[in-house]
């Protein structure tokens, strides 16, 4: 009987700890934001060797009354894998910190830095809608973002230059990372043999420029809303065109969408694919649609990767009308738009290359 009671007590305590960890999980992201705001990754990087706590404190732009808190901030960051800790003694004075592969992606000097994405996603404007999540289920608003701010996300960003810049910077920073992966040999074959390509929703052209540079024989068009591409200068094989992707898409052999489909509903995605088909038929030759997006896979993904995909799915639910899709859901979109074949290549970490053929 006593053994049964002990087992029951252990289960209760594990359950309580599990709940507590999820209640407080936001503290990791907010501590990370604080660390980046204080410039800690760059300070340690510039030190060029494991940095003693005392030197780190002396380098920080903080009030003298707050210096004794820094080791506690760093402790949770080390535990979360953002920094490594080295120590020659048992004293706090002997603690030194170094960057990890993860914190290297937080450096301002890193062209693939995810810091703009962090600053965008953790901005109060984007975190506030989560406080309205349960209320949204009880009303007829399209998104919790609309419940919180009275506007849809895209309406809000178009009327708030600061939020628009934050979001655009986040997308550019992500594209820099994708660029480095797309240009490896395993992915380059996707663009071989093409004569023309349109990067739909290509923003200021970070990805389009990289493709145009790597494939000088390829005529590239970056296609986005008129106010996004206004005044942007192209090159010999790259030009910027303004328009609405839900109305028409410029004709091309291949039409590229990086991280676009997950932000829109099924109906809107089918419309985009139908517009792609028209654009390829206008060109007069058989082409393909290239999509860089997530394919949720409960079977093959490790727990952490699957959790990240599910986080993004929730993000799409709260901010916009989109979703992350599994292969069956992608197939439904593709077939509903009248396409006959597709290929999924999981070579971009959490995201895949999806090639769709007429």
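The values are calculated or read from the model by the stated rules, or taken from the named source; none is laboratory data. It should be emphasised that the depicted structure is a prediction, and the values quoted were computed from it without experimental measurement. Cβ coordinates were reconstructed from backbone atoms using ideal geometry, including for glycine residues, and neighbour counts include every protein chain displayed.
Scan segment 289-306 for residues that are over 20 Å from residue 207 (Cβ atoms) and either in contact with a strand residue (DSSP E or B) (Cβ under 7 Å, 6 or more places away or on another chain) or in a loop (DSSP other than H, G, I, E, B) (or both) and jot them down.
Start the filter on segment 289-306 by keeping residues that are over 20 Å from residue 207 (Cβ atoms), which leaves 296-306.
296, 297, 298, 299, 300, 301, 302 - these are the residues of segment 289-306 that are over 20 Å from residue 207 (Cβ atoms) and either in contact with a strand residue (DSSP E or B) (Cβ under 7 Å, 6 or more places away or on another chain) or in a loop (DSSP other than H, G, I, E, B) (or both).
Is it true that residue 286 is in a loop (DSSP other than H, G, I, E, B), at negative phi and exposed (fewer than 15 other Cβ atoms within 10 Å of the Cβ)? Show your work before the answer.
On the way: in a loop (DSSP other than H, G, I, E, B): yes; at negative phi: yes; exposed (fewer than 15 other Cβ atoms within 10 Å of the Cβ): yes.
For residue 286, the condition - in a loop (DSSP other than H, G, I, E, B), at negative phi and exposed (fewer than 15 other Cβ atoms within 10 Å of the Cβ) - is met.
Does at least one position in segment 57-80 carry a residue that is touching a residue at least 40 places away in the same chain (Cβ under 8 Å) and closer than 28 Å to residue 176 by Cα?
Residues of segment 57-80 that are touching a residue at least 40 places away in the same chain (Cβ under 8 Å), as a first pass: 73, 76-77, 80.
If we keep only those that are closer than 28 Å to residue 176 by Cα as well, we get 77, 80.
There is at least one residue in segment 57-80 that is touching a residue at least 40 places away in the same chain (Cβ under 8 Å) and closer than 28 Å to residue 176 by Cα.
Per the conditions (1) more than 28 Å from residue 124 (Cβ to Cβ); (2) part of a helix (DSSP H, G or I), the sole criterion not satisfied by residue 84 is (2).
State whether one or more residues within segment 114-124 are out of contact with any strand residue (DSSP E or B) (no Cβ under 7 Å at 6 or more places or on another chain), surrounded by fewer than 14 Cβ atoms within 10 Å (Cβ to Cβ) and under 17 Å from residue 33 (Cβ atoms). Yes, there is a match, as at least one residue in segment 114-124 is out of contact with any strand residue (DSSP E or B) (no Cβ under 7 Å at 6 or more places or on another chain), surrounded by fewer than 14 Cβ atoms within 10 Å (Cβ to Cβ) and under 17 Å from residue 33 (Cβ atoms).
Taking residue 193 as the residue in question, decide whether it is at pLDDT below 95, outside any helix (DSSP H, G or I), touching a helix residue (DSSP H, G or I) at 6+ places or on another chain (Cβ under 7 Å) and closer than 20 Å to residue 354 by Cβ.
On the way: at pLDDT below 95: yes; outside any helix (DSSP H, G or I): yes; touching a helix residue (DSSP H, G or I) at 6+ places or on another chain (Cβ under 7 Å): no; closer than 20 Å to residue 354 by Cβ: yes.
No; evaluated as a whole, the condition is false for this residue.
Residues of segment 231-246 that are loosely packed, with under 15 Cβ neighbours inside 10 Å, part of a loop (DSSP other than H, G, I, E, B) and modelled with pLDDT of 95 or more: 244, 246.
Taking the conditions exactly as written (in contact with a helix residue (DSSP H, G or I) (Cβ under 7 Å, 6 or more places away or on another chain), at pLDDT below 95 and either over 27 Å from residue 155 (Cα atoms) or surrounded by fewer than 19 Cβ atoms within 10 Å (Cβ to Cβ) (or both)), does residue 348 satisfy them or not?
Numbers: in contact with a helix residue (DSSP H, G or I) (Cβ under 7 Å, 6 or more places away or on another chain): yes; at pLDDT below 95: yes; either over 27 Å from residue 155 (Cα atoms) or surrounded by fewer than 19 Cβ atoms within 10 Å (Cβ to Cβ) (or both): yes.
The answer is yes for residue 348.
Of everything in segment 247-259, what is crowded, with 19+ Cβ neighbours inside 10 Å, in contact (Cβ under 8 Å) with a residue 60 or more places away in the chain and within 20 Å of the chain's Cα centre (by Cα)? Give them in sequence order. Once the filter is applied, which keeps residues that are crowded, with 19+ Cβ neighbours inside 10 Å, in contact (Cβ under 8 Å) with a residue 60 or more places away in the chain and within 20 Å of the chain's Cα centre (by Cα), segment 247-259 yields only 258.
Evaluating residue 49 against the criteria (1) closer than 17 Å to residue 107 by Cβ; (2) assigned to a helix (DSSP H, G or I); (3) out of contact with any helix residue (DSSP H, G or I) (no Cβ under 6 Å at 6 or more places or on another chain) leaves one unmet condition, (2). In the set (1) within 24 Å of residue 143 (Cβ to Cβ); (2) surrounded by 18 or more Cβ atoms within 10 Å (Cβ to Cβ); (3) touching a residue at least 60 places away in the same chain (Cβ under 8 Å), the condition left unmet by residue 224 is number (3). One residue stands out among those in segment 93-109 that are buried (at least 21 other Cβ atoms within 10 Å of the Cβ) and part of a strand (DSSP E or B): the one that is modelled with the lowest pLDDT, which is 95.
Of the helices (runs of 4 or more DSSP H) that lie entirely inside segment 111-170, those containing 1 or more residues that are at pLDDT below 95 and out of contact with any helix residue (DSSP H, G or I) (no Cβ under 7 Å at 6 or more places or on another chain) span 153-159. Could you say whether any residue in segment 144-167 is over 22 Å from the mean Cα position of the chain (by Cα) and touching a residue at least 24 places away in the same chain (Cβ under 8 Å)? Within segment 144-167, one or more residues are over 22 Å from the mean Cα position of the chain (by Cα) and touching a residue at least 24 places away in the same chain (Cβ under 8 Å).
The residues of segment 219-230 that are in a loop (DSSP other than H, G, I, E, B) and closer than 23 Å to residue 265 by Cα amount to a single one, 225.
Is there a residue being more than 30 Å from residue 308 (Cα to Cα), at pLDDT 95 or above and touching a helix residue (DSSP H, G or I) at 6+ places or on another chain (Cβ under 7 Å) anywhere in segment 65-88? Yes, segment 65-88 has at least one match.
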